[in-house]
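Trainee: Sharing a structure, written as structure tokens. Questions coming.
The values are calculated or read from the model by the stated rules, or taken from the named source; none is laboratory data. In this text, all values refer to a predicted model and were calculated from it rather than measured experimentally. Using ideal geometry, Cβ is built from the backbone for each residue, glycine included, and neighbour counts are taken over all protein chains shown.
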Amino acid sequence: MSILISPSVLNCDFGHFAAELDKIKDADWVHVDIMDNHFVPNLALGMPVFEAAAKYAASPLDAHLMIEDPDTWAPSYAEAGAASVTFHVEAAKAPIRLARELHAKGVRVGLGLRPATDITAYADILGEFDQILVMTVEPGFGGQKFLSSMLPKIRRTRKLIEAAGLETWIQVDGGISQATIASAAEAGANNFVAGSAVFKAADAAAEIGALRSLATEHSAH
């Protein structure tokens, strides 16, 4: 399974957005966090910024919807240029129906889980999703410390995926850096969201390469 590096633009300089996106042109995905100050205690980005990212980004966009009522709003991000849309199971009223609606629009679909949400309850519906996002911090703010207590959850998720014979990706988001990416890769993750680590690096492209190499070296798959 391919190792994917997905820098989060939450940590970029929005005053120079196009230039910041150019710095990460070697990334596999561009991760765009949408927050509504209801599902999470922060208000960040939104459709105008997402549309700007779609205009300037060299890599496909991964929309991470940390919002209430994704059933209503998620399809509009697919229509605005997302190649992947992830919504949170804690917020969705009808996750299977929403996943199928998004698939019908031609995008990959991810299911996001907050740290306290157990993957086991969703074992029977994993086949509806292309990606499971295991949050490795409490969602809402960038720059938080990686929760190593999520590593067993990543392992459980990988075992469930393999037992079902699926090729579902596992994405991790929160505190991913050169210090933490190896353990997440060993646990079974293959898609790594890195915000501060990339945008605060002296050379963003070199940081992406270093993260990819570490994850590849330690990947369990």
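Trainee: Which residues, taken from the stretch 173-206, are without any contact (Cβ under 8 Å) to a residue 24 or more places away in the chain and either buried (at least 18 other Cβ atoms within 10 Å of the Cβ) or within 15 Å of the chain's Cα centre (by Cα) (or both)?
Mentor: Ala197, Ala201
Trainee: Within the stretch 199-214, identify whether any single residue is assigned to a loop (DSSP other than H, G, I, E, B) and closer than 22 Å to Asp62 by Cα, and answer yes or no.
Mentor: For the stretch 199-214, residues assigned to a loop (DSSP other than H, G, I, E, B) and closer than 22 Å to Asp62 by Cα: present.
Trainee: What's the number of the only condition in (1) within 21 Å of Val32 (Cβ to Cβ); (2) at pLDDT 95 or above; (3) touching an Asp or Glu at 6+ places or on another chain (Cβ under 9 Å) that Gln178 fails to meet?
Mentor: It is condition (1) that Gln178 fails.
Trainee: Now, a different point. Any residue at all in the stretch 32-44 that is in contact (Cβ under 8 Å) with a residue 60 or more places away in the chain and out of contact with any Pro (no Cβ under 9 Å at 6 or more places or on another chain)?
Mentor: Within the stretch 32-44, one or more residues are in contact (Cβ under 8 Å) with a residue 60 or more places away in the chain and out of contact with any Pro (no Cβ under 9 Å at 6 or more places or on another chain).
Trainee: It is to be established whether one or more residues within the stretch 29-36 are surrounded by fewer than 22 Cβ atoms within 10 Å (Cβ to Cβ) and more than 24 Å from Ile5 (Cα to Cα).
Mentor: Yes; the residues of the stretch 29-36 include at least one that is surrounded by fewer than 22 Cβ atoms within 10 Å (Cβ to Cβ) and more than 24 Å from Ile5 (Cα to Cα).
Trainee: Under the condition of being in contact (Cβ under 8 Å) with a residue 40 or more places away in the chain and touching a strand residue (DSSP E or B) at 6+ places or on another chain (Cβ under 9 Å), which residue from the stretch 12-27 is farthest from Ile132 (Cα to Cα)?
Mentor: Lys23
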